[in-house]
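**Student:** Before we start, here is the structure in question, set down as structure tokens.
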Amino acid sequence: MVLSSTVGRFVGRPSGRLLAGLALSTAGLLLLAADEPRVPAAGQDQPQAQAPRAATPAVLLRVPLPLVGTADTQIIGATKHALEKMEAGGERPILVLDFDSPLKHTGVGSDFERALKLARHLSSREASAAKTVAFIPQALKGHAVLVAMACEEIIMAPDAQIGEAGIDEPAEETVDPTILSGYREIANRRRTIPAEVALGMLDKSVEVLKVETELSTEFVLASKLDELKKKHTVQSSKVLKRPGQLALFTGREGRELGFVKYLAADRDALAKALSLPPAALEEDPSLVGQWNPVRIALKGPIGGSVVSRLERTFEDQVNQEANFVCLSIDSPGGSLVDSMNLASFLADRDPATVRTVAYVPSEARSDAALAALACDQLVMHADAVLGGEGAGNFSREDVELARETLRDLMSKKGRSWSLAAAVIDPQLRVFRYTHRPDGRADYFCEAEWQSQADPAAWERGEEITRPGSALQLSGQRAHELGLARHVVSDFAGFKQQYGIEEELVVAEPTWADYLIDALAAPAVAWLLLLIGGAALYAELQAPGIGVGGFVAGVCFLLYFWSKHLDGTAGWLEILLFAGGVCCILLELFVLPGAAIFGLGGGLLVIASLVLASQTFVLPHNAYQFNQLQNSLLGLIGTGIGVVIAAMLMRRFLPHTPFFSHVMLEPPSDAELEDLAHRESLVDFEHLLGHRGNAATQLTPSGKARFGNELVDVIADGEVIDRGTQVVVVAVQGNRVLVRSDSGHV
């Protein structure tokens, strides 16, 4: 300071310039000598390497615009809470005030008293414990400008604007002296924006000049220019703001004028300007109060009904003032479209209102990973699975569309989108890139690397993906790549990371969801089929329709209802099952002996039960083959169980007091011998040569009517349509052989 003052006094004269040059040369030599590394003497210990510098604590607060109501009190309380939470000692913490309004409010309409109260707090000794930074990514006008002036530094987007602080003041009146005094007070406290420039933003009547003197650049009101000339030599002057208008500056202009410290278009660039990791600048809703946490479960395959139910539950909890939502995910994916809808829903949440954290203890495979990555943060168990193969099959068109959507979603979170897209796109290749100037690492595909501001500054390293396979990561690997914020061993560790002491309320919409989850569990689902199959067998052994038919109908209804709501069964599976049952009944009661209906109906029933337990038709990856194997094993086990149950019912139920009327006792050996004897005495010789009509289609067996007598007949080597006239050509006991009577109609 002494050296610069001395140089300033002599710089205007020739002798002064000479002395100044000598002084500067001497100072330069002294500085070089001071900076020269010292070589330790022989035997002297080498200096120990310094420990890595701890990360600078930082907090970001969203300033609600316009400043009305209790906005000032809310932010003041949040800043105090933030300073208490940030670690004491070490690096001076950073407190960022973000003037980015989700509704694009610019601050017009802000109350002056509210703004002044907040500005005084930010420029106070208490708040000076942290470095305060105003981040302006869009326009900031009205008295909200006063709050930005109270910060130590201002960082703006290049095209953002600041100014027109007096836009809410009456145009025909002079500015209230109290308001003028408040702006001068804050400007002189912080000197972030010169007081004269601040007054130019507030008062239309003044003219502001930028003046170059022999010592420095000065900002003065036109009315004060003569006073400045008496003290300094004015070398040049430029009009910054003319009378009749309010001063308004872009970020670039503010940077040139010196009151904007850095230019940053988004939070990622803001973090780089402050030498912070991007994750350090995430909003914390608990700073304006305590956490009000809730836990929402996303379990099983993802489908439209599952997503709709989860979104309704989410909205209900937020309406009940929840500000921390733990989305517990245990899903193999299933529907890319529905997963993208859920990811968009989660990404659109304002993090200043509610913090969303995905918790993955087991798996979030394939498209389910998109929902996890759309949350504000991700917490996983070390061996949990993120991405890779899952329950869904996606067309190339769907994947390309999802990639475009992911670009927008990840930009909202200030993250690169390549890793997120790689979990569903097996053709995407992602590499580790290192930023040469500062050593930062990030992960890009070719397209995202080319979109960087300076692609040449990034050096490509190892490939993260495997060609031909969707990216699958463990929790530990996801943490190493920066996708997962924390790795924990249990849910208690999750709560510890966020300082949650109480038990999280598990949000479930209704009791029906518990019932659906229970019924859709594989063991319960197969048990329903076993009971339904056994009851159906009992019904077929009893006359009429009774208890067995009712129980079977209820079991099959519950099975498909739970699978439909769980997202694995649709109308296709239900129609296949109904069609298969109809074919079997047709074979049993209408067309006995027509094996095609019995065989086809059985295959339809089996196909419907297998498809109802999975989200795909044909398997295309290892995960789906494993699911198909489990479905088939479960169905085989159920079939064996039905056979065993049928044998037990056939043996014991007819002898019990209650079920003896439900299920008939099978005939004894003596009764079967008597029945065979009586059937052998049946004689249809009188029908030989008689003509009648086929009552059913003969394929080859069926029924034919001869007068008033309905007889079981067999066609002689041909299929005979119903209604065709037939003639009896042979009779062998109770076996009647007929042929189409082609000579008659």
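**Student:** Rounded, prolate or oblate: which fits the stretch 64-191 when a ≥ b ≥ c are the square roots of the eigenvalues of the alpha-carbon gyration tensor, with rounded for a/c under 1.5 and prolate only if a/b beats b/c?
**Tutor:** Since a/c reaches 1.5 and a/b is larger than b/c, the shape of the stretch 64-191 is classed as prolate.
**Student:** Follow-up question, since we're still on this one. Which residues' amide hydrogens lie under 5 Å from the amide hydrogen of Val736, considering only partners 5 or more residues apart or on another chain, with H built in the peptide plane?
**Tutor:** Sorted by chain and number, the residues that satisfy this are Ile714.
**Student:** Where does the stretch 345-387 land on Rg/Rh, using Cα atoms and the Kirkwood Rh?
**Tutor:** Rounded to two decimals, Rg/Rh equals 1.01.
**Student:** What translational D, rounded to a whole number of µm²/s, comes out for the stretch 240-316 from Stokes-Einstein when the hydrodynamic radius is the Kirkwood one over Cα pairs, at 20 °C and 1.002 mPa s?
**Tutor:** D = 121 µm²/s.
**Student:** Same structure, new question: Return the subset of Lys210/Lys231; Lys131/Lys412; Lys80/Lys495; Lys204/Lys229; Lys210/Lys241; Lys141/Lys224 for which the Cα-Cα distance in this structure is over 18 Å, preserving the input order.
**Tutor:** From Lys210/Lys231; Lys131/Lys412; Lys80/Lys495; Lys204/Lys229; Lys210/Lys241; Lys141/Lys224, over 18 Å: Lys131/Lys412; Lys80/Lys495; Lys204/Lys229; Lys141/Lys224.
**Student:** Between Ser110 and residues 5 or more places away or on another chain, which pairs have amide H atoms under 5 Å apart, with H built 1.01 Å from N, and which residues are they?
**Tutor:** Residues meeting the criterion, in which the H sits 1.01 Å from N, are Leu67, His143, Ala144.
**Student:** Separate question: Can you give the local net charge around Ala139? Use residues other than it whose beta-carbon is closer than 15 angstrom to its beta-carbon, Lys and Arg +1, Asp and Glu -1.
**Tutor:** -3
**Student:** Follow-up question, since we're still on this one. Roughly how many Å is it from the Cα centre of the stretch 145-161 to that of the stretch 300-379, as a whole number?
**Tutor:** So the separation of the two Cα centres works out to 35 Å.
**Student:** While we're on this one: What is the sum of charges around Glu315, taking Lys and Arg as +1, Asp and Glu as -1, for the other residues whose C-beta is under 14 Å from the C-beta of Glu315?
**Tutor:** Here the count lands on -2.
**Student:** Can you list which of the GluC sites (Glu not before Pro) found in the stretch 307-356 are DSSP loop residues with at most 12 other C-beta atoms within 10 Å?
**Tutor:** Loop-located and lightly packed - Glu321.
**Student:** Equivalent ellipsoid semi-axes for the stretch 187-292, as square roots of 5 times the alpha carbon gyration tensor eigenvalues: give them largest first, rounded to whole Å.
**Tutor:** They are 36, 17, 13 Å, listed largest first.
**Student:** What net charge do the residues around Val729 carry, taking every other residue with its C-beta under 15 Å from that of Val729, with Lys and Arg at +1 and Asp and Glu at -1?
**Tutor:** -1
**Student:** Quick check on packing: order 70-80, 731-741, 171-181, 332-342 by the mean number of other C-beta atoms within 10 Å, highest mean leading.
**Tutor:** 332-342, 70-80, 731-741, 171-181
**Student:** Pick out, in residue order, every one of the trypsin sites (Lys or Arg not before Pro) in the stretch 115-198 that is DSSP loop and has at most 15 other C-beta atoms within 10 Å; say none if there are none.
**Tutor:** Counting only loop positions with at most 15 other Cβ atoms within 10 Å, the trypsin sites (Lys or Arg not before Pro) in the stretch 115-198 are Arg125, Arg191.
Bear in mind that the values in this text are calculations on the coordinates, not laboratory data. Keep in mind that this is a model prediction, so the values were computed, not measured. Neighbour counts run over all protein chains shown; Cβ positions are idealised from the backbone, glycine included.
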